[in-house]
Amino acid sequence: MVTQAIQELADRYWDRLLAADPLLGLQCGDDRYSHRLPDISPSGWEARERLSRGALAEVSVLRRGDSGLDDLAVLDTVECIAKAQIAAIDLGVHRWSPIDHMWGPATVPDQMGSLQVAETPTQFENYFLRLTYLPQYLAQCSALLRSDSTQPGGPGLVVDRCIAQVQRILDCPPESSPFLKPIHTKQIHRRSMVTQLLTQALKPAFGQYQDALKRYRSKARSSIGLCGLTDGDAIYAFRIKQWTSLPLTPDGIRELGAEELGRTYADMDELASHLGAANAAEAMQAYGADSRNYFLSRDDIVRAASEQVERAWVRLPSFFRRLPSASCVVRPVDPSREADVLEHYFPAAEGRPAIYFVNTASPETKTRNSLPVVTYHEANPGHHLQISREREQAQRPDLLRLGGELAASAFIEGWGLYAERLTDEMELYVDDFERLAMLGSQAFREARLVVDTGIHAFGWSIERAAEELVRTGLDEKSASLEAARYVALPGQALAYKIGQVEINRARHQMATSADRSAVQDFHEWILGLGAVPLSTLRRALTAKTSESKQAG
């Protein structure tokens, strides 16, 4: 149990983080600030810095007490989040917040349309009020772009993607806008209110934001990596620590990626030989040559994903002692974001279920064997199982239950990657072509260690980065999307494999038997920890191992 003083710190810090960034609440299902948007004015950033410095000071005092593992998990989480918030401002990284095609301003329409609930009168009032604040938020984004006198600026590749995103918003007919998605078609008056606001205020505001992006484009840098900046090494070190919670070096990360890749490529070629091919590339080429192995329509993709989610849900009790109260639903990615994001997951919130979003663009180019591993990563036994279990631990502070990804992304994404391999143990892959795709997915995450460090520490071009990803079996379009993502979010792609390595290490030390019961015991222990920084996981594993030795 968490002691009262530490619980109070966690609750207070979480509440103020949400007040500073209400879109965080939208993403994680806390709707207390569903009527607001972030304040990214200079005073807003100053307030965030004061908040996190105050939290760090409290952590320092509370660490002097006799803290158990539960207390240390909370203190570690607060410290990780606070240090990242402060470092982003100290290093000037916050000035690039309007330049992010993954989660930046141009993604707000889809975020609100897909995640915000506007069914009751109060919910609609909050939703509409948030919409009225959007021009002010976009004006702050434009002001931040104008005030960024740093040369060189953000990467031109990302600026161009943001400009294109905004253009799709401007080109979208009002009646097809994502902003109408939370409102039932029978609510004609409410839809009319949103449409009128969209036409009169929101589209002009997005147009002004796009103008600011176009003016900024002239000073955007042609290089894509942080290593091209004077303080690039310091920024990348910060991003690595932010996403992994571990003090890792680019050289060490690259070496780990290369070693893991070598093993996985060998496994892929061995599996390909069972399929009668000389190597994995030849096996996948033969699979792709058969038109029957492609999806027929967008609905076909959604239907297949839904069947995989259900099949895994039925199989979970054999490997896990406790399940979430409900499974997740499958929905297509909004067309406005298909060009920028792949499959992803959002947990349940009041008024909406957990959602696994699948990108259904160009179904005729997507092979059927490529979808299962993604489904099992994002849904069951991956993110849905882990995150839902986490959120149903009512005794844990909301900072950990709802905001764990701020400090524990490597645990969460590492679990997703661990789940891909676990799915093979669960006998959910129907043939060796699906297993080959799973190994390709593992190689893809291992290649990220090489590619992310290549871009940000060793000066790789976007073309070289994409080529390395294609080697894992990724198609060229997806490889380009992924490489652009690493430019926009330095270090984030490292979380997956590094988290999986730590989880595998823990299982190796704890579940020394292949017995199903031992695996269930391990899953119960690690999911019971909750999403924690990897540094906290290491401490908990050391304590557990010591406890087991003493008991033995």
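So here's what we get for this one:
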| quantity | calculated |
| --- | --- |
| Residue in the range 360-377 that is within 18 Å of the chain's Cα centre (by Cα) and closer than 17 Å to Asp110 by Cβ present | no |
| Residue under evaluation Arg516, criteria (1) in contact with a Ser or Thr (Cβ under 8 Å, 6 or more places away or on another chain); (2) crowded, with 23+ Cβ neighbours inside 10 Å, criterion not met | (2) |
| The range 152-207 - residue that is assigned to a helix (DSSP H, G or I) and among the polar types (S, T, N, Q) and, of those, nearest to Ser97 (Cα to Cα) | Gln165 |
| Residue match in the range 489-505 (condition: over 27 Å from Lys366 (Cβ atoms) and more than 20 Å from the chain's Cα centre (by Cα)) | yes |
| Qualifying residue in the range 280-296 (condition: part of a loop (DSSP other than H, G, I, E, B), surrounded by 19 or more Cβ atoms within 10 Å (Cβ to Cβ) and in contact with a helix residue (DSSP H, G or I) (Cβ under 7 Å, 6 or more places away or on another chain)) | yes |
| Conditions (1) at pLDDT below 95; (2) small (Gly, Ala, Ser); (3) crowded, with 16+ Cβ neighbours inside 10 Å; number of the one not met by Ala304 | (1) |
| Residue in the range 434-466 that is surrounded by the most Cβ atoms within 10 Å (Cβ to Cβ), counting only those that are in contact (Cβ under 8 Å) with a residue 60 or more places away in the chain and aromatic (Phe, Trp, Tyr) | Trp460 |
| Every residue from the range 497-534 that is in a loop (DSSP other than H, G, I, E, B) and of a type in the set (A, V, I, L, M, F, W, C) | Ala511, Ala514, Ala531, Val532 |
| Flag if Leu402 is outside the structural domain of Gly29 (by TED's automatic domain parsing), in contact (Cβ under 8 Å) with a residue 40 or more places away in the chain and within 18 Å of Phe319 (Cα to Cα) | no |
| Flag if Ser67 is of a type in the set (Ser, Thr, Tyr) and either at positive phi or part of a loop (DSSP other than H, G, I, E, B) (or both) | yes |
| Any hit, the range 29-49, residues being buried (at least 21 other Cβ atoms within 10 Å of the Cβ), hydrophobic (A, V, I, L, M, F, W, C) and not in a loop (DSSP other than H, G, I, E, B) | no |
| Matching entry among Leu469, Leu481, Leu494 (being part of a helix (DSSP H, G or I), at pLDDT below 95 and surrounded by 23 or more Cβ atoms within 10 Å (Cβ to Cβ)) | Leu469 |
| Residue count, the range 479-527 (criterion: free of Cβ contacts under 8 Å to residues at least 24 places away in the same chain, over 26 Å from Asp452 (Cβ atoms) and not charged (D, E, K, R)) | 8 |
| Selection count, the range 84-98, where residues are in a helix (DSSP H, G or I) and under 15 Å from Cys141 (Cα atoms) | 4 |
| Residues (in contact (Cβ under 8 Å) with a residue 12 or more places away in the chain and part of a helix (DSSP H, G or I)) located in the range 50-64 | Leu51, Ser52, Arg53, Ala55, Leu56, Glu58, Val59, Leu62 |
| Among the candidates Gln111, Gln140, residue that is of a type outside the set (Phe, Trp, Tyr), at pLDDT 95 or above and not in a loop (DSSP other than H, G, I, E, B) | Gln140 |
| Cβ pairs under 9 Å, 6+ apart, first in the range 3-19 and under 26 Å from His35 (Cβ atoms), second among the hydroxyl-bearing types (Ser, Thr, Tyr) and part of a helix (DSSP H, G or I) | Ala10/Thr77; Tyr13/Ser52; Leu17/Ser52 |
| Number of the condition not met by Asp340 [criteria: (1) at pLDDT 95 or above; (2) in contact with a His (Cβ under 9 Å, 6 or more places away or on another chain)] | (1) |
| Residue that is farthest from Arg445 (Cα to Cα) [pool: residues in the range 261-286 that are among the aliphatic types (A, V, I, L, M) and in contact with a Leu (Cβ under 6 Å, 6 or more places away or on another chain)] | Ala283 |
| Residues satisfying the stated conditions in the range 323-378, i.e. buried (at least 20 other Cβ atoms within 10 Å of the Cβ), of a type in the set (Ser, Thr, Tyr) and in a loop (DSSP other than H, G, I, E, B) | Ser327, Thr360 |
| Selected residue (only one of Ala201, Ala205 is surrounded by fewer than 21 Cβ atoms within 10 Å (Cβ to Cβ) and closer than 23 Å to Asp148 by Cα) | Ala205 |
| Hits in the range 71-123 - residues which are polar (S, T, N, Q) and in contact with a Pro (Cβ under 6 Å, 6 or more places away or on another chain) | Gln116 |
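The values are calculated or read from the model by the stated rules, or taken from the named source; none is laboratory data. All values reported here derive from a predicted model rather than from experimental measurement. As a convention, Cβ positions derive from the backbone with ideal geometry for all residues, glycine included, and neighbour counts pool all protein chains shown.
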